[in-house]
Structures are given as structure tokens and as C-alpha cells.
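To start, the structure under review is shown below, and the notes come after it.
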């Protein structure tokens, strides 16, 4: 992605609309991008009025909000709009489970996430007052998309004035070919882990070499665990403000039954998540 | 070079292992005979298992000081297999059971290759305890009759137990001299077993108790044989029956019933018990090992499986790792696997040289040894121990025990698992916690500041313990590890017990293992293994059972002369005035340590509001200073997390301290006052210590390191740092 000119936000008239919109406006202003709101449903005076009311209280937009009113299937409408309008970033609000302090992505948002062709920002804590983004966690998987993802994260960090970024290399257990049985294999595995860690660090460093990130402090961290799931756990433990992930390669029906990678994150959002396409 | 020296050590240690193997064989001989008899198999089958086990496992096994042979746990299973499969014909039943033993050996090999040898990790700890107790009762119920000279007692375990008083009366009143004398030897043997450990005589202790029984009963026979005019009063039926030609009479398994349900269920029971007994023993023996080595469990299980197959084909019982003989081995300075090998060789020698003498041992004497083992497995102390962990554990324990006695082992362990799960659901009042999360990889491990940090999410119980275990096993025991359960809603007894084991192992090997994040949890009892359920936020337990962390904090508070209050309702008025808490709301403070205006505490605070609310717990140090300080924050250079509170202020450089300026980020409003405050001594102090995040208001200092709860070790370091800092500040 690396450029954000057009941002799309879905407008559903729910109690969360206000913080969602406030957040979207702030982000749009930070990137100096055009904000487009799409509402799936009929246009009527009451809705227009409440929208106008919220906009009145929010920060002024650099470029005025463009609102699209269209009826139809929400998933299709939103997906179609992202294509038609050449959207760079789609902002979706997440839901929070009652009582439990856990967030998840609703079924509509989930479908959109799977199919969208643009990057997606899932917000779990939109807020009316600005919350500073202090720590971004980025995946550093060995994947072609990772370079793009890291570049985008740096872009976000710059615009959100975030000074700390951690690139997490998830090393799956299967890559660690030594199984720990006794002291000897434990020593071997510890050495191998160190080696894998250095290799991964080196790989990420190579990517970072060509990126200018000024005064952002970027650290790398290797974690050993199940792909996709562990990084969410890490972001939660470290209380990151934004988790940046590669877009999933292809999601089949089997992946939903046996969730992996991004699906884990979607079922239990640790923080705000940016999925880079 | 490493190789050569190991070989040299090996050679050098041969004498002590030879001796140790000899002592162990003295126990293994009577036990092998006794266990085989109790299983309803020919006595020699127990010796075959010990010999094959000793040789095979010492050659290809993965543990170091364990002794292998026939095990207690299998007695009940094999006895019932022989009875059921034999259908009245004991010898035929024995041949069918041999086939079951061979198959279970193959299963064990497979489990070993699949790295699932540790079957015990999949079962709740209390259910396993219940099962072992049931086995103990089973052995006890059957053998007490044999001990009293009565071979004819038959029936289920419960029936046998009911017959015990009747059996005692019969024994006293009997006019059958053979039975009476056999019973007398049995009772006397039991007394030896019971009082052996209490007689602290060096020479007496040279020979293990079971061997005393053998020596005395053989001696008695010889007395009657050589000196007494009357014949030996005990009938031949009540003496051990060994084949006249030991080498030429191996039984061969009969695979005729391989497809039948009874056979399959026998195979499953045997495999289950063999695996669980071996695993428990291997783990226990590892804790005894002087050289602190870690056994390769799966390799050992494979070796045990192979030994079982061979033993089965030769007419022997299962081979498992046995705890009692292994501990004797360790106590006699057995240092490597050769002790196990020598123990097998000595057994071969005994059986070939002393077969005639062994035939003089009355069955009742061997039964006495087993009565004692049975009693130990099911002793009331064990039940008390389980109860002290929590009443819910007692329910699990008793249910497993009763069902195992009344039906079979497989049903017993199944009931144990189901009841444990139901109790967990009831305690949590939430079944979805388990259903939704059981398959999720809930453990995260990474290294941070040279420490292993493990975070566990959702819940941690016997259902998903292997996930946690596989991570923890990757940490070298010489390192420092922190396990954080603060994202966990529920931690069960099996996991708590295992965490305790890890703590011990790490301690032994010079590392450090600590569990954090349970201080807000509720537990049913004082016991460190008690299960813990995390309480909903904000509810402050006024009093409760201290967690291990809290106990350790209490301990160090005494060492450092701090006063400690785990459930304090202390309010630090100043806290919200720190920049750090400008955007964070303090919910509660707990685990407070105080001394001279200093306090260390765990603080729970929240960020954001409504749905964005996040609850965080962290450990901090606060100093109430006597003199007025300039407001400032001090941080490691390059850490930007906290800076926003002082946005707009620049890094203040102190003249003539380039190193300090490079490493620290100091900011604050009045540069002049801050410069004056940072004296050379203070700067030197900061430079030579760990870098914390430090904030000052006019009257206080706040010190914190990570935004999480600190381990006890970290608290100690923090306390030391804080106290030294206080001294320096008050001085200058």
C-alpha cells in the first residue's frame, strides 16, 4: 500500500458510530486523505441529520466527507465501493463481547476482511478523545508481503507519531527441528533457536536497510509459537496499540474450520489491527 | 576430549554401580516373585521381567538412575486379565495375558515414537492419585488373605475387603498348622516391613527389608531341616513354586483371543498403567538424581516397550520403571544405567544358583511385602494430602477410586476425567471458556532481557497442559523463567502441581522459575497446588489464601525488613499526580511492602474508558521524599513509551557526563533545578545500576521497570535500587 489517499468507513447508525467516525476523521487528517463514508441503506432526513450532528462536533476534515448512500447486501456494497472508489484503506469497527474483555470481528466485517482488495484497519477502541499510538507491533513473517507490510507500518508510525515499533518474527515449532527430550537435545535446541533468531533478525534487518525510519525505534523480537496466534498474544501482553499483519494468502473453507494466521486474530482481536494488502 | 572423560568416569564409577545394583537386586528378587504371585502369574515371570528390563532399558533407555522391572500398579490389571481371559483356567489365562503384554509393549514403543509416552500428562492429577490408591487397595485386599496363609479367598475387591475380619478370626482359630505357621511368618514379615525404617542400626540396614524376610524365612526352613526333629510345618502349596529347570521352561504367549473385547480392554489397561507408572517414577527419580540430569522420557518409554515385548515372549510380566527400587539405587550411589544392568545380572545369578533356597520361601512372606506396598499406595495420609488441596479434589479422588474398585481401571480413569471437567465447569459457571479455547494455542513464550517469559491465556488445566509443558520443557533449567497467568481465567490443580515441580527443578539446577499473575485469584484451600480462579476485576479479596508469589514476597519482606500487607486498602494520595497516571486510572493497590517512606506495590490501573478500557497490572516503587524535588522523568534513551506526558520538553544534558546523556533521556520543566539536582554521585548511581523508568513530583519518586507484575526476584532488585536511591537523594 504505502500511500493513503482515500479512506472508506462504513456508516452504521449504532452507538459506536460517533467514536468510529471521530477516529476515522483523525486518521484521514493525519494522512491528509479523503474520507468517504458509505451507508448501506436508504437515505433519509433523520440519518442525515444525526450524521451532520456528529460531524459538527468532530475535528474539521481537511477534505470534506463524501457520503455514499446505497442499498443492498452490506458486504457486496462495501466491497464494490472499495473497488469503484479506488480506496486505499477501509476502516471497520469491531464488536466487544458482553462482559468478557474480548473483542471480535462481526460476521459482516469478517467477510469483508477476507475478500477486500484494499488494506483494512479494524478498530477495537475508537475513542472520541484522541488516544496516542505508542507502540506498533508488526509481523515479520518470512513472506513476500512482509516487506510491504513493514514499509506500511513505518508510514503509519510516521503519520500517527508513534515512536516505537516491534517487528515480531514468529518461528513455528516445526522449523525448530530438534525436539527437546533431555539435556543434550535441550542444549542443541537452545543453540538452534539462537541461530534461527539471528537468521530472522538478519532478514528483517535487510528489509529495514532500504527504509528510512528516522527517529522511530525499531526492535525485533522472535517468538516461538503458532503462527498468527502468538503475535496476537504478544501484542496483548505488550499492550501494543496497533498490530500490523500481512493479508492472508487465500482462505478456503478448511481454514475457517481450522483457523490459522489472520483468522485467529479476527476471532479475538488483541488491539487495533491493520491488515496490509 | 569430552567423550574420553565420560568414559573414564564411567569406568571409575563401575564399582559403586556394581554395589548399588547388588543391593537393588536383593529387593528386586523378593518383589519380583511377590508381584508375579500377586498377579496370578508364575513367580518366575516377575524375575524374567526384571532381568529383561534391566538389560534392555540399561542399554537403550533414556534415563540414568532408574531401575526397571515388574511394577506394583500392574498387579491388579494383570490379575483381572488372567482371571477374565482364562475363564477359570489360570495357566491359559496367563498365556493370553502374555499376548496382551506383548501388544501393550508394541503400543508403548509406538507412543514413544509419537512422543506421547507421557500419557499421564493428559489426566488430572487427582484422578491419577485415585487410580493408584484403588490399585493399592486392590493389592491389599487380595494379599492380606495370602499373608494370613489363606490362598482360597476369592471374589471382587470389595468382597475381599469384607472378608478381612473373618480372615483374621479364621487365622487365629485355625487348627490347620500349615496355614497358621504361614500366617505367622506373614505377620512377622509385615512387622519387619513396617518397622524396618524405624530401626536405625547400620548393620541391620545393610540388607533391605524384603531381603531380611527372604533370609529369615529361608533360615527358618533350614532350622527345621537340619536341627529340628519336627518337619517343616508349612505345606508345599504355600511355598514358592519355581520350575525345576529354570532355563528350559519359558512360557509362550497365546494370541488366540487377540480380536476379543476383553483382550483389547486388557491391552489398554496394561498400556495405560505401564505408561503412567513409568512416567511418575521417571519424574520422581529425576528429582533424586545427584547429577541433576533430565531423562529422555520418550526414549525410555520406547525401551520399556521393547523390554516388555521381549519379556512377554519369554513368559515375563510388563517392564516398567519402579520408584522404590530406583530410590534404593540412588541411595546406594548408583550413578548411571549400569546399575540397572548389574541388578539384572545379579538376578540371573540368584535364580541360577539359589533356586532351591528360593523354593523355601512361604508365599505369605512375599504377600506381606505386597500388603505393605498396597497400604502405602492407599494410605490415609495420601487421602489427607488430597483433601488438603481442596474438597473438590477429594471428590475427584474418591470417585475415581470407588469406580476403579467397583468396575475397572478404564472406567475409573474416565469417570475421574469427566468429574474433574464437570467440577471445573461448575467452579467457573462457564462451559464455553473450555469449549471455545481448548484447541487454541494458548501459550506464548519469548525471551526478554535474558529471561524467558511465558504468558498463558484463557484457561490452563489438564486438558491443555501439554501445550504449556512443551514450551516450558524448552527452557534450560539454569535460566530464569517467568510464567504469567494473568490472562488466564482459570488454572487447575494439575497445572499448579506441575508448576511447583518446575520451580523445584529450576531451583535444583541453579535457575529460577516463578509464577505470577495469580494474586487476584480465589482458591479453595491453603495448599500451594490448589486450583485458582481469577476473580472478576475490581473485586478486592479482603482476605484470602496467599499465592506462592505472595508468600515469597512475605518472606523477602521479612528479610529486607519491610512490612507486608497482601490485601492492603492503602491509598497513595500522590499516585495520580505522577505524569504516568495522568491518563490512567488507579483501580486498586495490593501486595504492599513498606519501610521508611518507601513502598513497593502492585497497582491495577485502567487505560481508556468504556469499550476501550484495558486493565493493566504492574509493580512499582514509590518514595515519599522529605525534601522538595524538581519535577522530572528519567528514562533509558530510546524508550519513548512514557514520553508523551512530558511532550514538549527536550532531553536535558548534564555537563561533563556524556555517557549519562547518551544512555538516559532526562526531561522536565525547570532545567536549572534539575541540573542542580543531578549531582555527580546521583549520576554515578544511575549509570552503574539497571535503568528504570523514574518519575518525580515535588514530593515523591515513582520507579517502575516493565508495565507488568514483577517476579519476586525483580521486586528484590527494585527494592534495593529504590532504597539506595532514597539514601542518595536524602543525603544530597
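If I ask for residues that are in a strand (DSSP E or B), away from every other protein chain (no Cβ under 14 Å) and closer than 21 Å to residue B:392 by Cα, which ones from region B:479-513 would you list?
Across region B:479-513, the qualifying residue is only B:491.
Quick one: count up the residues across region B:366-382 that are in a helix (DSSP H, G or I), surrounded by fewer than 19 Cβ atoms within 10 Å (Cβ to Cβ) and within 19 Å of the chain's Cα centre (by Cα).
Final tally of qualifying residues: 3.
Considering region A:78-97 alone, what residues qualify as being away from chain B (no Cβ under 11 Å) and either at pLDDT below 75 or in contact with a strand residue (DSSP E or B) (Cβ under 8 Å, 6 or more places away or on another chain) (or both)?
A:78, A:81, A:82, A:85, A:86, A:87, A:88, A:89, A:90, A:91, A:92, listed by residue number.
Determine whether region B:288-299 contains at least one residue that is in contact (Cβ under 8 Å) with a residue 60 or more places away in the chain, more than 14 Å from chain A (Cβ to nearest Cβ), assigned to a helix (DSSP H, G or I) and more than 15 Å from residue B:67 (Cβ to Cβ).
No, region B:288-299 contains no residue that is in contact (Cβ under 8 Å) with a residue 60 or more places away in the chain, more than 14 Å from chain A (Cβ to nearest Cβ), assigned to a helix (DSSP H, G or I) and more than 15 Å from residue B:67 (Cβ to Cβ).
Give region B:419-437 a look and list any residue that's surrounded by 14 or more Cβ atoms within 10 Å (Cβ to Cβ) and more than 10 Å from every other protein chain (Cβ to nearest Cβ), or say none.
If the condition is that a residue be surrounded by 14 or more Cβ atoms within 10 Å (Cβ to Cβ) and more than 10 Å from every other protein chain (Cβ to nearest Cβ), then B:419, B:420, B:421, B:423, B:424, B:425, B:427, B:428, B:434 are the ones that fit.
Which residue is modelled with the lowest pLDDT, if the candidates are limited to region B:439-478 and must be more than 18 Å from residue B:498 (Cβ to Cβ) and more than 9 Å from every other protein chain (Cβ to nearest Cβ)?
Only one residue fits best here, namely B:449.
Just checking, which of A:230, A:153, A:212 is in a loop (DSSP other than H, G, I, E, B), more than 24 Å from residue B:478 (Cα to Cα), at pLDDT 75 or above and not assigned by TED's automatic domain parsing to the domain that holds residue A:7?
A:212
For region B:320-344: of the residues being within 16 Å of residue B:29 (Cβ to Cβ) and outside any helix (DSSP H, G or I), which is farthest from the other protein chains (Cβ to nearest Cβ)?
B:332
Residues that are touching a residue at least 12 places away in the same chain (Cβ under 8 Å), away from chain A (no Cβ under 14 Å), in a helix (DSSP H, G or I) and surrounded by 18 or more Cβ atoms within 10 Å (Cβ to Cβ): does region B:233-240 have at least one?
Within region B:233-240, one or more residues are touching a residue at least 12 places away in the same chain (Cβ under 8 Å), away from chain A (no Cβ under 14 Å), in a helix (DSSP H, G or I) and surrounded by 18 or more Cβ atoms within 10 Å (Cβ to Cβ).
Among the residues of region B:693-717, what is the count of those that are under 18 Å from residue B:555 (Cα atoms) and part of a loop (DSSP other than H, G, I, E, B)?
The qualifying residues number 3.
Within the set of pairs 6+ apart or on separate chains, which have a first residue in region B:443-463 that is at positive phi, a second that is crowded, with 21+ Cβ neighbours inside 10 Å, and C-beta atoms under 6 Å apart?
Once the first residue is at positive phi and sits in region B:443-463, its partners that are crowded, with 21+ Cβ neighbours inside 10 Å give B:458/B:442.
In region B:408-419, is there at least one residue being assigned to a loop (DSSP other than H, G, I, E, B) and over 21 Å from the mean Cα position of the chain (by Cα)?
Checking region B:408-419: at least one residue is assigned to a loop (DSSP other than H, G, I, E, B) and over 21 Å from the mean Cα position of the chain (by Cα).
For residue A:215, only one of the following conditions fails: (1) facing chain B (nearest Cβ under 9 Å); (2) touching a strand residue (DSSP E or B) at 6+ places or on another chain (Cβ under 8 Å); (3) closer than 25 Å to residue A:121 by Cβ. What is its number?
Going through (1) facing chain B (nearest Cβ under 9 Å); (2) touching a strand residue (DSSP E or B) at 6+ places or on another chain (Cβ under 8 Å); (3) closer than 25 Å to residue A:121 by Cβ one by one, residue A:215 breaks only (2).
Let me confirm something: among A:25, A:4, which residue is within 19 Å of the chain's Cα centre (by Cα), within 30 Å of residue A:246 (Cβ to Cβ) and in a loop (DSSP other than H, G, I, E, B)?
A:4
Please specify each residue of region A:180-205 satisfying the condition of being surrounded by fewer than 15 Cβ atoms within 10 Å (Cβ to Cβ) and touching a strand residue (DSSP E or B) at 6+ places or on another chain (Cβ under 7 Å).
none
Can you name the residue in region A:153-166 that is more than 13 Å from chain B (Cβ to nearest Cβ) and crowded, with 22+ Cβ neighbours inside 10 Å and is also farthest from residue A:219 (Cα to Cα) among such residues?
A:156
All but one of (1) assigned to a helix (DSSP H, G or I); (2) more than 28 Å from the chain's Cα centre (by Cα) hold for residue B:41, so report the exception by its number.
(1)
Say we look at region A:218-231 and pick out the residues that are more than 9 Å from chain B (Cβ to nearest Cβ) and in contact with a helix residue (DSSP H, G or I) (Cβ under 7 Å, 6 or more places away or on another chain); which of these is surrounded by the most Cβ atoms within 10 Å (Cβ to Cβ)?
Result: A:228.
From B:11, B:18, B:79, which residue is surrounded by fewer than 24 Cβ atoms within 10 Å (Cβ to Cβ) and under 21 Å from residue B:258 (Cα atoms)?
Criteria check complete, one pass: B:79.
With respect to the numbered conditions (1) at pLDDT below 70; (2) within 19 Å of residue B:620 (Cα to Cα), which one is the sole condition not fulfilled by residue B:539?
In the conditions (1) at pLDDT below 70; (2) within 19 Å of residue B:620 (Cα to Cα), residue B:539 misses (2) alone.
Looking at this structure, is residue B:28 in contact with a strand residue (DSSP E or B) (Cβ under 7 Å, 6 or more places away or on another chain), modelled with pLDDT of 90 or more and in a helix (DSSP H, G or I)?
Here the answer is no, as residue B:28 does not meet what is asked.
One line per residue, one yes/no per condition, for (1) part of a helix (DSSP H, G or I); (2) free of Cβ contacts under 8 Å to residues at least 24 places away in the same chain:
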position: B:152; (1), (2): no, yes
position: B:192; (1), (2): yes, no
position: B:212; (1), (2): yes, yes
position: B:230; (1), (2): no, yes
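Okay, residues lined up against (1) in contact (Cβ under 8 Å) with a residue 40 or more places away in the chain; (2) crowded, with 24+ Cβ neighbours inside 10 Å; (3) under 20 Å from residue B:375 (Cα atoms); (4) touching a strand residue (DSSP E or B) at 6+ places or on another chain (Cβ under 9 Å):
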| position | (1), (2), (3), (4) |
| --- | --- |
| B:35 | yes, yes, yes, yes |
| B:41 | yes, yes, no, no |
| B:51 | yes, yes, no, yes |
| B:72 | yes, yes, yes, yes |
| B:75 | yes, yes, yes, no |
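The values are calculated or read from the model by the stated rules, or taken from the named source; none is laboratory data. Just so you know, these numbers come straight off a predicted model, no measurement behind them. Positions of Cβ are backbone-derived with ideal geometry, glycine not excepted, and every protein chain shown enters the neighbour counts.
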